[in-house]
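Read-outs throughout are calculated quantities, based only on the coordinates presented, and are distinct from any laboratory measurement. Keep in mind that what you see is a predicted model, and the values were worked out from it rather than measured. Reconstructed Cβ throughout: ideal geometry from the backbone, glycine too, with neighbour counts over all protein chains shown.
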Amino acid sequence: MPDTRPPRDQTARLELRHLSRAFGGRAVVDDVSLTVAPGQVTCLLGPSGCGKSTTLRMIAGVERLDQGEILIDGRPVAGPGLHLPPEARGVGLMFQDFALFPHLTVAQNVAFGLSGDRAAKSARVDEMLERVNLSGFGPKHPHQLSGGEQQRVALARALAPRPGVMLMDEPFSGLDNRLRDGIRDTTLDILKEEGAGVLLVTHEPDEAMRMADEIALMRGGRVVQRGAPYNVYNAPADRAAAAFFSDINVIRGTSRGALTETPFGAFLTPGHRDGAPVEIVIRPQHLKIDFDRAGRGPNPTPQDGTPARGTVLRARFMGHESLVEFGMDHDGSRLTAAVPGVFLPRTGTALWLMIRRDRCFVFPA
């Protein structure tokens, strides 16, 4: 996978060094460090209350930090004894509610943060409206626009002053699902062309995977994992990280030496002490059903290991796949398989299951 860090000879658009912020004695942001290069989209991803929006507000200058340092284009804007106001930081902002001025026209909204003479501002407004496919919308007011059009106006306004850093706080969550993907793609193309360093805050893994060059997964005020979307998804730091990106199945066992025995065979689990409980995590799409040998034990392959029998508890068609939940015969635990297309076996059907051993994650229980 490509290295998403800035090249050594390229100044980062945004650099955070050991940021911390506490409220009432409770650490909300705890020692957060990251860099964002020109044209790079970094996503702060995590559940509500994990500290991602507070981090964004400290970068914007509307929240003071307790410890650490913030640099924009190599220039310190916050740190010990330093706190530049928001307007002096060269930062663009986009929020969930778009924050357009209802009494101003579209053109006046886009021009709001611009300086210079009237002709220069008018030319920049026309350029930005064309970039977001809203040419001719200048005289309209926000209430005359759809949600997707308002979002594009907010993007044009944020980018019009050519900020070095763009901060985006859940900017697409107010859009209809049918519009969201198209608006995301348009926004991403424009951000890349402008060369701004982008920090996107979201709680949606799909959005982070779609837009980010790098994901910083936050939990409890800390960055618990950071890397390219492929790496964060396929090499999660722990069980909670794996579960944040998708549903998971958990198979429990006990480590014996470097092996853990399970109903699906033995797994290599080096690094776990003898007798320690171990959790083997696998996503539903990697739990395989043997369709040719229903009710009989299939011949295992080295990759798939030993089969185990389960009884269908329920099956649901989800559009592009079917989710089949099983009660496992060996211990009564429940596992879910995602099967492409339509597969709706009756409740009570006994089937043999195998797991993609190369797709499993092993964590201490």
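Rounded to the nearest 20, the size of the Cβ-charge dipole of the stretch 247-364 about its Cα centre is 120 debye, with Lys and Arg at +1 and Asp and Glu at -1.
Between Asp247 and Asp274, the simple label model (points 7 Å from Cα in the Cβ direction) yields a spacing of 4.0 nm. Modelled label positions at Arg17 and Leu179, each set 7 Å beyond Cα in the direction of Cβ, lie 4.3 nm from each other. Dipole of the chain computed with +1 at Lys/Arg Cβ and -1 at Asp/Glu Cβ about the Cα centre; of Gly332, Cys43, Asn231, farthest Cα towards the positive end is Gly332.
I need to check one value: relative contact order of the stretch 178-250, counting alpha carbon pairs closer than 8 Å and at least 6 residues apart, in percent. Normalised by residue count, the contact order of the stretch 178-250 is 19 percent. The three principal axes of the Cα atoms in the chain give end-to-end lengths of 80, 46, 41 Å, sorted in falling order. Two tests apply to each whole DSSP H helix in the chain, Cα reach of 15 Å or more along its axis and mean Kyte-Doolittle hydropathy of at least -0.5, and the ones passing both are 147-159. Only the Cβ atoms of Lys and Arg (+1) and of Asp and Glu (-1) were treated as charged; on that basis the dipole of the chain about its Cα centre amounts to roughly 460 debye. Apply the Debye scattering formula to the stretch 167-220, with a single equal point scatterer on each alpha-carbon and no solvent, then give log10 I(q)/I(0) at q = 0.14, 0.15, 0.18, 0.22 Å⁻¹. For the stretch 167-220 at q = 0.14, 0.15, 0.18, 0.22 Å⁻¹, log10 I(q)/I(0) is -0.36, -0.42, -0.60, -0.89.
Calculated FRET efficiency, Ser122 to Glu193, Cβ-Cβ distance, R0 = 25 Å: about 0.70 to the nearest 0.05. As a rough guide to protection, the peptides 177-189, 124-136 ranked by mean Cβ packing within 10 Å, highest first, stand as 124-136, 177-189. Normalised by 2.2 N^0.38 Å, where N is the number of residues, the C-alpha radius of gyration of the stretch 247-364 stands at 1.06. With the dipole of the chain worked out from charges on the C-beta (+1 for Lys and Arg, -1 for Asp and Glu) around the Cα centre, which of Thr105, Ile289, Met209 lies farthest toward the positive end? Value: Ile289. When the Cα positions of Ala242, Ala120, Thr269 are compared along the charge dipole of the chain, Thr269 comes out farthest toward the positive end, with charges on each C-beta of Lys, Arg, Asp and Glu. Once the Cβ-Cβ distance of Gln144 and Ala350 is raised to the sixth power relative to R0 = 56 Å, the FRET efficiency obtained is 0.40. Pairs of Cα atoms nearer than 8 Å and 6+ residues apart set the relative contact order; for the chain it is 15 percent. Under the simplified labelling scheme, the Leu84-Glu261 pair shows an inter-label distance of 6.4 nm, with each label point 7 Å from Cα along Cα→Cβ. Inter-part distance, the stretch 213-248 to the stretch 122-148, computed on C-alpha centroids, equals 37 Å.
Database remark: amide H of Val224 closer than 5 angstrom to the amide H of Leu217, Met218, Arg219 (H placed geometrically; neighbours at sequence offset of 5 or more, or on other chains; Pro and chain starts carry no H). Protection proxy ranking for 116-122, 166-172, 349-355, using the average of other Cβ atoms within 10 Å per residue and placing the highest first: 166-172, 349-355, 116-122.
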